[in-house]
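**Student:** Below is one structure. I have some questions about it.
The numbers here are math on the coordinates, done by the rules we state, and not lab data. Owing to the predicted nature of the structure, the values given are computational and were not obtained by experimental measurement. Note that each Cβ is placed from the backbone with ideal geometry, even for glycine, and that neighbours are counted across all protein chains shown.
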Amino acid sequence: MSAENGDQVTLLCVPFAGAGPSFFYPWRELAGDRWRVVSVELPGREKRLLETPYRNVVEAAKNSVDDIVAELGAGARTVLFGHSLGAVLAYELVHLLSTRNVPVERLVVSGSPGPWTQRERRATGLPDEEFLARVEEFAGFRHEALDHPEMRELILPVLQADCEMHENYVPSTDEPVSVPICSLRGDSDGLVTAEEARQWRDATTSSEFSYVEFPGDHMYLVDRGREVLDVIEAESARSR
């Protein structure tokens, strides 16, 4: 998949709830010359820490797309990757980028049921401690920063806003996208079933749909960045 720089494909990564662009920084080295790795920067975290986080996926996508197009450059060949909340946000971005002269070649979703399926068990609206316990249960691990009062004060509002926009997500359109979709899942994910992960087949009009499982739970990708990128490369090569 490597290409001359002028024709290099950009891998646009969309963070999951509570995460920022830095989660994907190690992927830049792992990607080598296969892609230019770019991350969506949402308000409320890292460089945009003091900005108010979004509570609506469709609004977040619409308000982010101008910055994303500027970062990608018009006509840039792009693959989108999103995990969990990032998956549905990436799905909305594919719809928007298709109208902005940004050719999206593939959507890779991870740890997510199809866009029309809402989560049955929710964390939104719970008191802080119950909320964190529920999120920890969902994710399968607890972020150590939440044990430090100062960090927790910064992280908690963003995590709450992210969960709210994920759990209340309703797609902006019933129209599927036209790009191929690859759906990824940890084989012991207690939050998303294999059947739910395969629902993404109905979210594209493309005949190319694939489903891949990795060893691990909902947050399998924390330790499997290299393997995820290898799958994306293999999927892309298959369609050329």
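**Student:** What does the net charge come to around residue 172 if you take all other residues with beta carbon closer than 13 Å to its beta carbon, with K and R at +1 and D and E at -1?
**Tutor:** So the surrounding residues net to -3.
**Student:** Normalised by the empirical 2.2 N^0.38 Å for globular proteins, what value does the Cα Rg of region 22-127 take?
**Tutor:** Against the compact-globule rule of thumb, the ratio is 1.13.
**Student:** Please give the Cα centre distance for region 45-124 versus region 197-221, rounded to the nearest Å.
**Tutor:** Between the Cα centres of region 45-124 and region 197-221 lies a distance of 16 Å.
**Student:** Further question: Given the convex hull over the Cα atoms of region 5-231, what projected area results after averaging over all orientations, in nm²?
**Tutor:** Here the figure is 11.6 nm², rounded to one decimal.
**Student:** What angle do you read, to the nearest 10 degrees and between 0 and 90, between the alpha-carbon axis of helix 57-72 and the longest principal axis of the chain?
**Tutor:** 50 degrees
**Student:** Taking just the alpha carbons, could you work out the radius of gyration and Dmax for region 1-80, both in angstroms?
**Tutor:** Rg, Dmax (Cα atoms, Å): 13.4, 39.
**Student:** Of the candidates 82, 186, 216, which one comes out as most mobile in a Gaussian network treatment of the chain with C-alpha springs shorter than 10 Å?
**Tutor:** Between 82, 186, 216, it is 216 that shows the largest mean-square fluctuation.
**Student:** Further, regarding this structure: Kindly express, to the nearest 10 degrees and within the range 0 to 90, the angle between helix 225-238's C-alpha long axis and the longest C-alpha principal axis of the chain.
**Tutor:** Helix 225-238 and the main axis of the chain meet at about 30 degrees.
**Student:** Please identify, among 115, 43, 149, the residue showing maximal mean-square fluctuation in a Gaussian network model of the chain using a 10 angstrom Cα cutoff.
**Tutor:** Greatest mean-square fluctuation among the candidates belongs to 149.
**Student:** Residue 202 to residue 118: extension gain in nm, 0.36 nm per residue of separation minus the Cα-Cα distance?
**Tutor:** Contour length minus Cα-Cα distance gives 28.7 nm.
**Student:** Continuing with this model, one more query. Relative to the present Cα-Cα distance, how much length would full extension add between residue 126 and residue 69 at 0.36 nm per residue of separation?
**Tutor:** Length gained between residue 126 and residue 69: 16.9 nm.
**Student:** Under 10 Å, Cα contacts only: if you run a Gaussian network model on the chain, which one of 73, 20, 44 comes out with the highest mean-square fluctuation?
**Tutor:** Of 73, 20, 44, the Gaussian network model singles out 73 as fluctuating most.
**Student:** While we're looking at this one, here's another question. For the residue pair residue 134 and residue 188, what label-to-label distance in nm results when each label sits 7 Å from Cα along the Cα-to-beta-carbon direction?
**Tutor:** Modelled inter-label distance: 2.5 nm.
**Student:** Summing Lys, Arg as +1 and Asp, Glu as -1, what charge do residues with Cβ under 13 Å from the Cβ of residue 17 carry, residue 17 excluded?
**Tutor:** Result for the local shell: +1.
**Student:** Another question, if that's okay. Give or take rounding to whole Å, what are the principal axis extents of the alpha carbon atoms in region 76-176, in descending order?
**Tutor:** So the three principal-axis extents are 45, 28, 20 Å.
**Student:** Helix-derived [θ] at 222 nm for the chain: sum -39500 (n - 2.57) over DSSP H runs of at least 4, divide by residue count, nearest 500?
**Tutor:** Taken over the chain, the calculation gives -11000 deg cm²/dmol.
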